[in-house]
1. Can you name every residue in the range 151-186 that is in a helix (DSSP H, G or I), of a type outside the set (A, V, I, L, M, F, W, C), open to solvent by 30 Å² or more (accessible area, probe 1.4 Å) and touching a residue at least 12 places away in the same chain (Cβ under 8 Å)?
2. Applying the selection to the range 20-54, what residues are in a helix (DSSP H, G or I) and under 18 Å from Asp173 (Cα atoms)?
3. Can you tell me which residue is farthest from the chain's Cα centre (by Cα) among those in the range 76-130 that are closer than 16 Å to Ile218 by Cβ and of a type in the set (Ser, Thr, Tyr)?
4. Does the range 56-70 include one or more residues that are closer than 25 Å to Leu192 by Cβ and modelled with pLDDT under 95?
5. Does Ser34 satisfy the condition of being touching a residue at least 60 places away in the same chain (Cβ under 8 Å) and within 30 Å of Asp250 (Cβ to Cβ)?
6. Select, from Asp44, Asp51, the only residue that is over 17 Å from Val103 (Cα atoms), in contact with a helix residue (DSSP H, G or I) (Cβ under 7 Å, 6 or more places away or on another chain) and open to solvent by 30 Å² or more (accessible area, probe 1.4 Å).
7. Confirm whether Lys146 is under 22 Å from Tyr75 (Cβ atoms) and surrounded by fewer than 20 Cβ atoms within 10 Å (Cβ to Cβ).
8. The conditions are (1) without any contact (Cβ under 8 Å) to a residue 24 or more places away in the chain; (2) under 21 Å from Thr4 (Cβ atoms); (3) in contact with a Leu (Cβ under 9 Å, 6 or more places away or on another chain), and Glu92 fails exactly one of them. Which is it?
Amino acid sequence: MNNTVVTYYTEIPDFKNSANNKALLELWEKNWKSKGWNVVVLDDVYAKSHDKLKSFNIYDETSLLVRNSRLDKKYLWNCYLRWFAYAKYVEENGTCIWSDFDVMNCNLTTDQFHSKNINVDSAFNGSLCSGILSVEGSKILLNNIKLLNEENEDVVLKINTFLPKVIDKDINDMVILMALNTFKINTICTCLRIKGIDQELSPFDVNGAYKKEKFPLIHFHHGIFSSPSFLNFPNITSRNRADIVNYFFDRYLNDLIS
């Protein structure tokens with residue numbers, strides 16, 4: 001594989017969670033570059049140039065891809081477009097890492113990653129926010145999305161089995177790809193959870209230090225604002241994730257992203 005990490009970013013009009021995302025993207029680029037990675041930002045225009053998108057309308061509101069999700073359709077459409085962008089890049093350039101732009105690199109250089117011998121087509125945690133994708137894996141990935149769009153009976157059955165509820169409750173890209181075993185899971189990425197978690201899974205040791213060797217990647221997802229089990233930084237009140245990233249790197253890693 002090459003030493004490239006790709007992300008997906010596009011403006012979503014009138015979507016409230018888009019606020020401050022540009023600053024977070026810029027921070028992401030600086031962060032990964034500082035660890036020796038070549039960074040590439042893909043967008044919806046690039047994603048929609050994938051040939052496989054010609055076989056169905058990604059914006060079909062009646063499709064099982066989006067029709068029952070609790071998530072905003074504008075957001076969810078871009079979740080799927082992200083996968084088409086990643087797949088197209090891999091098909092054109094070979095195996096590489098993908099990372100959502102809210103996944104920051106604490107301690108993963110290119111040499112360190114190659115030394116880990118992580119299997120291709122692995123996700124780095126269960127939220128599928130980052131991972132490594134091959135050409136073969138990209139074909140499986142897009143085929144799974146296509147089968148759900150077509151409401152393939154076998155695929156629907158697998159998702160019903162995966163979820164402890166009927167399929168019409170809440171379906172999104174993460175659920176379908178996990179249900180269909182699209183990726184192996186190799187957990188080198190954690191999320192910013194301070195309270196309410198088993199110590200073995202906690203990103204912090206008993207002394208409060210961040211486990212950067214075990215979890216060289218960390219996901220600053222938007223859910224950190226919605227639960228006391230996540231963000232618990234008494235010295236910061238900002239709801240700008242870029243501010244929270246900077247606080248974390250300064251406080252726990254003695255590092256500033258610049």
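The values are calculated or read from the model by the stated rules, or taken from the named source; none is laboratory data. Keep in mind that what you see is a predicted model, and the values were worked out from it rather than measured. Here the Cβ positions follow ideal geometry from the backbone for every residue, glycine too, while neighbour counts run over all protein chains shown. Remember, those area values only see protein heavy atoms, side chains included, never the ligands or the DNA or RNA. Shrake-Rupley method; radii C 1.70, N 1.55, O 1.52, S 1.80 Å.
1. Of all residues in the range 151-186, those in a helix (DSSP H, G or I) come to 153-162, 173-179.
When the remaining residues are screened for being of a type outside the set (A, V, I, L, M, F, W, C), the result is 153-154, 158, 160-161, 173.
Among the residues that remain, those that are also open to solvent by 30 Å² or more (accessible area, probe 1.4 Å) are: 153-154, 158, 160-161.
Of everything in the range 151-186, those that are in a helix (DSSP H, G or I), of a type outside the set (A, V, I, L, M, F, W, C), open to solvent by 30 Å² or more (accessible area, probe 1.4 Å) and touching a residue at least 12 places away in the same chain (Cβ under 8 Å) turn out to be Lys158, Thr161.
2. Going through the range 20-54, the residues in a helix (DSSP H, G or I) turn out to be 21-34, 44-47, 51-54.
Within the range 20-54, Asp44, Ala47, Lys52, Leu53 qualify.
3. Thr109
4. Taking the range 56-70 as the starting set, the residues that turn out to be closer than 25 Å to Leu192 by Cβ are 69-70.
After this cut, where a residue has to be modelled with pLDDT under 95 as well, the list is 69-70.
For the range 56-70, residues closer than 25 Å to Leu192 by Cβ and modelled with pLDDT under 95: present.
5. Numbers: touching a residue at least 60 places away in the same chain (Cβ under 8 Å): yes; within 30 Å of Asp250 (Cβ to Cβ): yes.
The answer is yes for Ser34.
6. Numbers: Asp51 fails: in contact with a helix residue (DSSP H, G or I) (Cβ under 7 Å, 6 or more places away or on another chain).
After applying the criteria, what remains is Asp44.
7. Values: under 22 Å from Tyr75 (Cβ atoms): yes; surrounded by fewer than 20 Cβ atoms within 10 Å (Cβ to Cβ): yes.
Yes; evaluated as a whole, the condition is true for this residue.
8. The failed condition is (3).
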